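Visitor: Take a look at the following structure, please.
The values are calculated or read from the model by the stated rules, or taken from the named source; none is laboratory data. The structure presented is a predicted model; accordingly, all values stated were derived computationally and were not measured. Don't worry about glycine lacking a Cβ; one is built from the backbone with ideal geometry, like all the others, and counts go over all protein chains shown. SASA here: full protein model, heavy atoms, side chains in, ligands and nucleic acids out. Shrake-Rupley method; radii C 1.70, N 1.55, O 1.52, S 1.80 Å.
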Amino acid sequence: MEAVGRNGRRSTNMAFTKLSVQTFGVGKGTPATSTPETDIWAVFRALRDTRSLFGLRPGHVQTLQAMLSFLKPGHGDTVFASNDEICRRVGGIDERTLRRHIDRFVELGFIKRHDSPNRKRYRVKSSEGQSISYGLSLAPLLARAGELLATAQAMENARRDRVFLRKQILTKLAQIDEADPENELTHQVRRVLRRKLSIAEYRTLLGELEAQCKQMSTAVDAPETMKLPANDGQTVRHHSKSKKEQKDLESGTDSETLPLQTLTTVCDQATSFATNSLRNWHDVERHARTLAPMMGIHESTFEKAARKLGSQKASCAIFIILQMSNRIRDFGAYFHSITLGRREPDFNPSLLLERLSRSGTATA
């Protein structure tokens with residue numbers, strides 16, 4: 001039987017396939033207001049924009065785009081085109097590369113193979129209208145549309161916030177330069193701005209500059225320059241920490257191995273956002289990496305924490321912070337403090353989970 005789509009022509013209007021999805025509000029677990037139908041290409045763009053979270057390269061995205069272009073309205077979500085046809089539509093990649101790309105999407109849970117006995121891709125129908133599709137099913141990708149759209153929106157919000165904070169910082173720098181062109185703080189801040197910073201780091205710099213501007217406007221004598229650390233990596237400073245938070249972080253012993261069930265049960269806020277069951281620590285870490293950018297925690301900050309503390313302890317920090325959200329003003333700064341900052345030696349997930357479990361609430 002000839003494979004469906006083998007001789008099909010590429011459509012010039014790719015925004016034709018619709019599916020119904022639900023998106024969830026961050027931190028609430030309830031459906032957010034959205035249009036009843038979401039364009040399948042909007043889901044593709046969401047995965048494209050968040051590809052770094054899944055370890056995907058541009059080549060993977062191009063392959064997925066080519067596969068999606070073979071779908072036809074009313075013909076389901078299975079790609080029947082042969083590997084040769086897909087390779088040509090991608091732009092002439094070799095079949096071995098295509099197989100690697102497909103394998104990666106299968107590993108991530110975005111594609112599922114339905115192989116026929118002879119490995120051909122086609123659809124057969126019975127006289128009663130029942131059908132069997134053999135090919136590459138994109139149903140798993142569409143099932144995760146809500147997750148991908150929410151993650152892409154969170155990343156876009158974080159990008160816009162970084163741009164907004166950077167503009168505020170540049171405005172403050174110009175004000176200080178006008179009053180004191182030789183101010184050492186402005187030179188140090190500009191050196192720091194050459195790096196890609198997190199939202200928490202931008203806010204810290206803005207706070208430093210606002211304090212400098214206030215000091216310059218009220219001081220009678222020449223203002224005393226506030227200095228940043230020599231090491232650019234130490235720009236995040238946490239000046240206001242509540243005594244209650246400090247008490248929760250103090251511990252005389254190191255963190256011990258945590259039972260997975262304890263974490264997922266006590267931290268039900270984080271667990272409620274999981275699209276699949278968290279059966280092992282790999283699932284927990286993957287979910288924590290998805291939650292982190294939604295909480296304003298840059299992926300590079302999470303990577304540094306994972307290298308320093310271990311991925312298990314860094315993932316626990318994400319779950320615990322979200323559970324204690326009503327007590328924490330800045331997730332990014334708090335995460336940095338307990339994993340990479342001065343509070344890291346006192347961070348004990350076991351102790352925190354025990355206290356949250358006893359209190360039954362994150363406000364204890």
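Visitor: Could you run the Karplus curve 6.51 cos²θ - 1.76 cosθ + 1.60 with θ = phi - 60° over region 117-134 and give me ³J(HN,Hα) per residue in whole Hz, x for Gly and Pro?
Guide: Coupling constants for region 117-134: x, 9, 6, 7, 10, 6, 10, 10, 10, 8, 5, 8, x, 6, 9, 10, 10, 10 Hz.
Visitor: Spin-label point model (7 Å from Cα, Cβ direction): what's the Asp94 to Ser116 distance in nm?
Guide: That separation, rounded to one decimal, is 2.8 nm.
Visitor: Mind listing the phi-derived Karplus ³J(HN,Hα) values for region 267-282, rounded to whole Hz, using 6.51, -1.76 and 1.60 with θ = phi - 60°, and x for any glycine or proline?
Guide: Each residue's phi maps through the Karplus curve to give 8, 6, 5, 5, 4, 5, 8, 6, 7, 10, 5, 8, 8, 8, 5, 5 Hz.
Visitor: Within region 265-285, list the residues whose amide N lies under 13 Å from a label point set 7 Å along Cα→Cβ of Ala143.
Guide: 275-277, by backbone N distance to the label point.
Visitor: Here's another thing I want to ask about it. What pairs in Lys214/Lys308; Lys196/Lys308; Lys112/Lys196 have C-alpha atoms more than 26 Å from each other?
Guide: Beyond 26 Å between Cα atoms: Lys214/Lys308; Lys112/Lys196.
Visitor: Where Rh denotes the Kirkwood radius from the mean inverse Cα pair distance, what is Rg over Rh for region 78-141?
Guide: Taking Rh as the inverse mean 1/r over Cα pairs, Rg/Rh reads 1.02.
Visitor: Tell me, in nm to one decimal, what length is gained between Arg327 and Ala179 on full extension, where the rule is 0.36 nm per residue of separation less the Cα-Cα distance?
Guide: That pair, Arg327 and Ala179, stretches by 49.4 nm at full extension.
Visitor: Which ³J(HN,Hα) values, rounded to whole Hz and listed in residue order, are derived for region 66-72 from phi using the Karplus coefficients 6.51, -1.76 and 1.60 in 6.51 cos²θ - 1.76 cosθ + 1.60 with θ = phi - 60°, glycine and proline given as x?
Guide: 5, 5, 5, 5, 7, 5, 10
Visitor: Where the centre of each part is set by its Cα atoms, how far does region 61-121 sit from region 301-325, in angstrom?
Guide: One Cα centre to the other: 36 Å.
Visitor: Let me ask you something else. Rank these by accessible area, largest first, 1.4 Å probe: Lys125, Lys72.
Guide: My answer, sorted largest first, is Lys125, Lys72.
Visitor: I would also like to ask the following. Around Val79, which amide H atoms from residues at least 5 apart in sequence, or from another chain, sit under 5 Å from its own amide H, with H modelled in the peptide plane?
Guide: Distant-sequence amide H within range of Val79: Leu136, Ser137, Leu138.
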